[in-house]
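In what follows, a single structure is set out as structure tokens and then discussed.
Throughout, read-outs are computed from the coordinates displayed, never taken from laboratory work. No experiment lies behind these values; they were computed from the predicted model shown. As a convention, Cβ positions derive from the backbone with ideal geometry for all residues, glycine included, and neighbour counts pool all protein chains shown.
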Amino acid sequence: MKVADLMVTDLAVVNQDISIREAVIQLADARVHAMPVVDRRDRLVGVLSSSDIVQPTADSEPVLASTAIGIAGTASFRAS
């Protein structure tokens with residue numbers, strides 16, 4: 001079996017220009033822990049994961065951090 005046999009090709013992506021809060025909502029809506037990040041031309045520029053969000057915001061934005069932790073902890077989470 002190869003990666004191509006298991007990979008998903010219909011990807012949910014996040015644009016690099018949106019806010020972290022909007023990215024958290026998109027992760028929750030897609031029920032995933034990570035998303036490819038694209039630029040304005042839909043070119044891949046990176047990957048954003050829920051653990052990436054928790055680290056930089058844990059001290060400065062506790063609401064975002066707890067929202068990101070909610071995404072990581074439950075598939076049925078919905079951001080408000």
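Evaluating 6.51 cos²θ - 1.76 cosθ + 1.60 at θ = phi - 60° for every residue in region 2-18, the Karplus couplings come out as 10, 4, 4, 6, 10, 5, 9, 10, 9, 8, 8, 10, 10, 7, 5, 8, 7 Hz, glycine and proline recorded as x.
Amide hydrogen proximity for Val38: with H placed 1.01 Å from N in the peptide plane, the residues at 5 or more positions away or on another chain lying under 5 Å are Val14, Asn15, Gln16, Val45.
At R0 = 25 Å, how high is the FRET efficiency between Ala30 and Met1 if r is their beta carbon distance? Nearest 0.05 is fine. Efficiency at R0 = 25 Å is approximately 0.50.
Can you sort Met1, Met7 from fewest to most other Cβ atoms within 10 Å of each residue's own Cβ?
Details: Met1 5, Met7 8.
Lowest to highest Cβ neighbour count: Met1, Met7.
Which residues does a label at Asp39 reach in region 1-31, if reach means a backbone N under 19 Å from a point 7 Å past the Cα toward the Cβ? Taking a point 7 Å out along Cα→Cβ of Asp39, the residues of region 1-31 whose backbone N falls under 19 Å are 13-19.
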